[in-house]
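One structure is given below, encoded as structure tokens.
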Amino acid sequence: MPYLKFYSPELSVSKKRRIAKELTRATMRSFQLSAEDRDRCTVHFVPFRMEDMAIGGKLMIDAPDPDYLLEVTDRLLTAEKKKNFVETVTPLLIRLLELERKSWIARLLVRSAVAWKINIQFIEYKPEDSAIGGKFLSELEQDAA
């Protein structure tokens, strides 16, 4: 049950809907999840004000573009699943957040710099570290077996 926490400046509701849908779809593919797992994939938007975040000692409000952080919490994430996720989601977020410049020359020059604006952090847990409905996942798995 992946839990994605997306830190960004405030986004419109329509943009959040699109990002939630696309991130869920990408997560399902990257982590090779079943259709039943779709309803267990959570996307949590955490907005911040540009004056409340700083990088390199400079407030984001004084920088040309903000950075974004996507925390991905799940279990049993192999190196291959993480790599697939990063390679899928980074360009997806660049597109959805419209971070690339409009002209093709600008896109070529800025593409690698824009990718640095997308940060992804994986947080893994063991079944005995998480509970749902008053039962640890390890207990739920034993009950299902």
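The values are calculated or read from the model by the stated rules, or taken from the named source; none is laboratory data. Only a predicted model underlies this, so the values are computations on that prediction, with no experimental measurement involved. Here Cβ is always computed from backbone atoms with ideal geometry, including for glycine, and neighbour counts include all displayed protein chains.
L99 - would you say it is modelled with pLDDT of 95 or more and closer than 19 Å to K15 by Cα?
On the way: modelled with pLDDT of 95 or more: no; closer than 19 Å to K15 by Cα: yes.
Against the criterion (modelled with pLDDT of 95 or more and closer than 19 Å to K15 by Cα), L99 does not qualify.
Looking only at residues that are of a type outside the set (G, A, S) and within 19 Å of K117 (Cα to Cα) in the stretch 8-33, which one is surrounded by the most Cβ atoms within 10 Å (Cβ to Cβ)?
Selected residue: L23.
Within the stretch 115-145, work out how many residues are closer than 30 Å to E100 by Cβ, part of a loop (DSSP other than H, G, I, E, B) and hydrophobic (A, V, I, L, M, F, W, C). Quick ask: steps written out before the conclusion?
Kept after step one, since they are closer than 30 Å to E100 by Cβ, are these residues of the stretch 115-145: 115-123.
So of that shortlist, the ones also part of a loop (DSSP other than H, G, I, E, B) come out as 116-117.
Filter once more, keeping what is hydrophobic (A, V, I, L, M, F, W, C): 116.
Adding up the residues that qualify gives 1.
Determine, yes or no, whether R18 is part of a helix (DSSP H, G or I), in contact (Cβ under 8 Å) with a residue 40 or more places away in the chain, out of contact with any strand residue (DSSP E or B) (no Cβ under 7 Å at 6 or more places or on another chain) and within 23 Å of Y125 (Cβ to Cβ).
Details: part of a helix (DSSP H, G or I): yes; in contact (Cβ under 8 Å) with a residue 40 or more places away in the chain: yes; out of contact with any strand residue (DSSP E or B) (no Cβ under 7 Å at 6 or more places or on another chain): yes; within 23 Å of Y125 (Cβ to Cβ): no.
Criteria not met by R18.
With respect to F85, determine if the residue is at pLDDT below 95, in contact with a helix residue (DSSP H, G or I) (Cβ under 6 Å, 6 or more places away or on another chain) and either surrounded by 14 or more Cβ atoms within 10 Å (Cβ to Cβ) or over 16 Å from K117 (Cα atoms) (or both).
So F85 fails the test.
Being outside any helix (DSSP H, G or I), in contact (Cβ under 8 Å) with a residue 12 or more places away in the chain and more than 24 Å from L77 (Cα to Cα) is the filter; apply it to the stretch 4-15 and report the residue that is nearest to the chain's Cα centre (by Cα).
If we filter the stretch 4-15 for residues that are outside any helix (DSSP H, G or I), which is where we start, we get 4-12.
Then keep just the ones that are in contact (Cβ under 8 Å) with a residue 12 or more places away in the chain; that gives 4-11.
Add one more test, that the residue is more than 24 Å from L77 (Cα to Cα), and what stays is 8-11.
Values: S8: 11, P9: 14, E10: 15, L11: 15 Å.
If we take residues in the stretch 4-15 being outside any helix (DSSP H, G or I), in contact (Cβ under 8 Å) with a residue 12 or more places away in the chain and more than 24 Å from L77 (Cα to Cα), then S8 is nearest to the chain's Cα centre (by Cα).
Being touching a Pro at 6+ places or on another chain (Cβ under 8 Å), closer than 18 Å to R29 by Cα and not hydroxyl-bearing (S, T, Y) is the filter here; which residues of the stretch 63-101 pass it?
Let us first name the residues in the stretch 63-101 that are touching a Pro at 6+ places or on another chain (Cβ under 8 Å), namely 66, 72-75.
If we keep only those that are closer than 18 Å to R29 by Cα as well, we get 72-75.
Of everything in the stretch 63-101, those that are touching a Pro at 6+ places or on another chain (Cβ under 8 Å), closer than 18 Å to R29 by Cα and not hydroxyl-bearing (S, T, Y) turn out to be V72, D74, R75.
Could you grab me the full set of residues in the stretch 49-74 that are hydrophobic (A, V, I, L, M, F, W, C) and at pLDDT 95 or above? Talk me through it step by step, then tell me what you get.
The first filter runs over the stretch 49-74 and keeps only residues hydrophobic (A, V, I, L, M, F, W, C), leaving 50, 53-55, 59-61, 63, 69-70, 72.
Within the stretch 49-74, L69, L70, V72 qualify.
Please enumerate the residues belonging to the stretch 21-54 that are under 18 Å from L99 (Cα atoms) and in a helix (DSSP H, G or I).
E22, L23, M50
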